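Encoded as structure tokens, the structure appears first; notes follow it.
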DNA sequence: CGGTTATTTCAGGAATGTCTGAAATTTACG
DNA sequence: CGTAAATTTCAGACATTCCTGAAATAACCG
């Protein structure tokens, strides 16, 4: 895949953003490249285009597959793996958000549940602190519950809702 | 501030999560401690409670202030600074989200705008790629626009909307 | 099988991020 | 002012993460 200035810019930017999102620069760059590429690419091709080690491409692609953002295809008469990114931006974004929720929010909710449970037998932590923990748990549960509901809605419905913006409040309220 | 097992657990967990969110462990731990603490704390007190260097506390508190999550108070007859975290979880969360949007999403939207602009004069990047960039820009603008609208709604309205969950779709659609 | 190509594993080096402690600076009081 | 307490700065130690290149493994073909 030829790396035109425009594509390069996207790839580099995506790479920088990636490191803020908890994935390595390579992973993010590879994802950007595959996302933009009209055709599937080989691991060797990616390594060459981005000038990174072949082995690095291998592990990065594995990670992208665990995120469900990249899959493998094959072409007849060629035994190399060809890699392909999800092209639907909506799916890409929701996949990433779901993953982050699972890795970052859900464990926190669990921890708070445990703390709230423990707090009953716990005489040494001040009531004010216990209450703050309880409030936080309640809030997070409400938020994640909402998120799950939103996610369960069919996309066209959600899109319509989004386009209405603040007007929904007037109609409902 | 006394570090009971329950509090310690929250602080440690928050610290681990923090590093996934792009803030250092110290910053996250200090934030957790201040958030739970019923009273404002001194920097020395924090350093002692969490067993981290005084200087580390100093820079971490500065960072938390740039995030608008922590502020300073004073008590009469004491010239030390006392630090105080926002206690309203809703505000804490929206403050963090606003910050992340500003630091991560907005620059990406800007980059995509620049690329889309540049694409007009650009003859070497394939049209398919240009189109993908355009789609992505469009989508992100729609999402951020929705976010801004949601954020502009008064909290009780939003809360009501959240509690309705998927039912809003039925009423509206 | 043996040979060839593709992929993965992994030890160690490079780069980055974090924390500490000493020294410098600021602030406030007598 | 001079002094002492409080805070900040910053160089370098420490830790973590990331990447590479060599070697091992797997997949395929004649």
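Throughout, read-outs are computed from the coordinates displayed, never taken from laboratory work. What you see is a predicted model, and the numbers here were worked out from it, not measured in a lab. A quick note on method: Cβ atoms are made from the backbone with ideal geometry, for glycine too, and the neighbour counts reach across all protein chains shown.
So what is the 222 nm mean residue ellipticity for chain B from helices alone, if each DSSP H run of at least 4 adds -39500 (n - 2.57) and you divide by all residues, rounding to the nearest 500 deg cm²/dmol? Mind dumping the intermediate values first?
Values: 9 runs with 117 residues, N = 173.
Helices in chain B give a 222 nm mean residue ellipticity of -21500 deg cm²/dmol.
Using a Förster radius of 22 Å, what is the FRET efficiency between residue A:39 and residue A:65 based on their Cβ-Cβ separation? Nearest 0.05, please. Please report the intermediate quantities before stating the final value.
On the way: r = 18 Å, r/R0 = 0.83.
Rounded to the nearest 0.05, the efficiency is 0.75.
Give me a single rounded figure for A:122-129: the average over its residues of other chain Cβ atoms within 10 Å of their Cβ. Could you put the intermediate results ahead of the total?
Working: counts 4, 1, 5, 9, 7, 1, 4, 9.
Going residue by residue through A:122-129 and averaging, the value is 5.
Principal axis lengths of segment A:1-44 from Cα atoms, whole Å, largest first?
27, 21, 15
Enter the angle in degrees (range 0 to 90, nearest 10) between the Cα long axis of helix A:54-66 and the first principal axis of the Cα atoms of chain A, meaning the one along which they spread out most.
40 degrees
So what is the orientation-averaged projected area of segment A:7-96, using the convex hull of its C-alpha atoms, in nm²?
Working: hull surface 22.2 nm².
Value for segment A:7-96: 5.6 nm².
I need the Debye-formula profile for the protein assembly as shown: one equal scatterer per C-alpha, no solvent, reported as log10 I(q)/I(0) at q = 0.06 1/Å, two decimals.
At q = 0.06 Å⁻¹ the computed log10 ratios are -0.28.
List B:31, B:74 from most exposed to least, where exposure is judged by having the fewest other Cβ atoms within 10 Å. Before the final figure, lay out the partial values.
Working: B:31 26, B:74 11.
Arranged by neighbour count, lowest to highest, B:31, B:74 become B:74, B:31.
Once both axes come from the Cα atoms, what is the angle between helix B:127-152 and the longest principal axis of chain B, in degrees from 0 to 90, rounded to 10?
The angle comes out at about 50 degrees.
Helix B:106-119: angle to the longest alpha-carbon principal axis of chain B, degrees 0 to 90, nearest 10?
Between helix and principal axis, roughly 20 degrees.
Using the Cα atoms of chain B to build a convex hull, what is its mean projected area in square nanometres? Working shown, then result.
Details: hull surface 61.9 nm².
Value for chain B: 15.5 nm².
Using a Förster distance of 51 Å, how high is the FRET efficiency between residue A:117 and residue B:131, based on the Cβ-Cβ distance and rounded to 0.05?
The computed FRET efficiency comes out at 0.45.
Given springs between every Cα pair under 10 Å in a Gaussian network model of chain A, which of A:138, A:118, A:16 has the largest fluctuation?
For chain A, modelled as a Gaussian network with Cα springs under 10 Å, the answer is A:118.
Can you tell me the equivalent ellipsoid semi-axes for segment B:89-172? Use √(5λ) from the Cα gyration tensor, largest first, whole Å. Numbers along the way, then the final one.
Working: eigenvalues 233, 58, 13 Å².
Semi-axes from the Cα gyration tensor: 34, 17, 8 Å.
Taking residue B:159 in one copy and the same position in all the others, each labelled 7 Å out along Cα→Cβ, what are the pairwise distances from the first, in nm, shortest first?
Copy-to-copy label distances for residue B:159: 3.4 nm.
Using a basic spin-label model with each label point 7 Å from the Cα along Cα→Cβ, how many nm lie between residue B:88 and residue A:52?
Going from the residue B:88 label point to the residue A:52 one covers 4.2 nm.
Once you average over the residues of B:91-101, how many Cβ atoms of partner chains fall within 10 Å of each Cβ?
On the way: counts 0, 2, 4, 0, 0, 0, 0, 0, 0, 2, 0.
Rounded to a whole number, the mean comes out at 1.
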